[in-house]
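The values are calculated or read from the model by the stated rules, or taken from the named source; none is laboratory data. Given the structure is predicted, the values throughout are model-derived calculations rather than measurements. Cβ atoms come from the backbone with ideal geometry, glycine included; neighbour counts cover every protein chain shown. With ligands, DNA and RNA removed, areas are computed over all heavy atoms of the protein, side chains included. Shrake-Rupley method; radii C 1.70, N 1.55, O 1.52, S 1.80 Å.
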Amino acid sequence: MNNTVFSIGQYVVYGIHGICLIEDIRDLSLSPMLPSQTYYVLKEISKGAVIYVPCVSNPEVSLLRELYTSDDLNAMLDAIRGKCMEWNVNRKERTARFRAILSGGLSSEMILMIRCIRLQKDEYSDTKKKLSGSDSDILHSAENMVNQEFGFVLGISEDKIAEYISGALDTPMGA
């Protein structure tokens, strides 16, 4: 039984893999020990890796979603205009919260998190301090997710996305 929701040729977002093209939907048996089932055959647009995602309802397919539209992205920015996220000085709590935001995928909260980390990074650079490795990694991953989807959907280059977001928020995103 084919329970597919997406179509061949459709661009989707798949968790931390980012934007993927659905190249095929086919029945496969990925192991001789497992029965055949229907899979989305995805190709990452950034790395070209091929990913097989079962079409049946499970945690893997729940990470698959349609791309946001330009209206969705702009509404996301409108929703956070004038808002900010406070820097939690407790590293363990901060890291847990940031990882939860990151695992939730692109959201207005992720954009607020990026701005929060960037502003802290700017503040630290004034005192010669550096972000922790986990904060830097989270910032890098979040920026990649935001840059990829905003760039793809809006048709702008990655080096212009921070400027686009800052303009929409009337607030600098930090360096």
Subset of the range 51-71 [open to solvent by 70 Å² or more (accessible area, probe 1.4 Å) and among the charged types (D, E, K, R)]: GLU60, GLU66, ASP71
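Listed residues GLY82, GLY48; which is surrounded by fewer than 17 Cβ atoms within 10 Å (Cβ to Cβ) and closer than 27 Å to GLY167 by Cα?
The match here is GLY82.
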Condition met for GLY105 (within 28 Å of LEU169 (Cα to Cα) and either among the hydroxyl-bearing types (Ser, Thr, Tyr) or part of a loop (DSSP other than H, G, I, E, B) (or both)): yes
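Quick check: is even one residue across the range 22-35 assigned to a helix (DSSP H, G or I), closer than 28 Å to GLU158 by Cα and among the hydrophobic types (A, V, I, L, M, F, W, C)?
Start the filter on the range 22-35 by keeping residues that are assigned to a helix (DSSP H, G or I), which leaves none.
Within the range 22-35, none of the residues are assigned to a helix (DSSP H, G or I), closer than 28 Å to GLU158 by Cα and among the hydrophobic types (A, V, I, L, M, F, W, C).
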Filtered residues of the range 74-100 (kept if more than 18 Å from GLY133 (Cβ to Cβ), assigned to a helix (DSSP H, G or I) and in contact (Cβ under 8 Å) with a residue 24 or more places away in the chain): ASN74, MET76, LEU77, ASP78, ALA79, ILE80
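Being surrounded by fewer than 12 Cβ atoms within 10 Å (Cβ to Cβ) and of a type in the set (Gly, Ala, Ser) is true for just one of GLY9, GLY15, GLY105. Which residue is that?
GLY9 is the lone residue from the list that is surrounded by fewer than 12 Cβ atoms within 10 Å (Cβ to Cβ) and of a type in the set (Gly, Ala, Ser).
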Top-ranked residue in the range 58-73 [being in a loop (DSSP other than H, G, I, E, B) and within 22 Å of ALA100 (Cα to Cα); ranked as modelled with the lowest pLDDT]: ASN58
Extreme residue, most open to solvent (accessible area, probe 1.4 Å), among residues of the range 126-164 that are assigned to a helix (DSSP H, G or I), farther than 18 Å from LEU112 by Cα and in contact (Cβ under 8 Å) with a residue 40 or more places away in the chain: PHE152
Residue in the range 23-44 that is of a type in the set (A, V, I, L, M, F, W, C), open to solvent by less than 90 Å² (accessible area, probe 1.4 Å) and in contact with a Gly (Cβ under 9 Å, 6 or more places away or on another chain) present: no
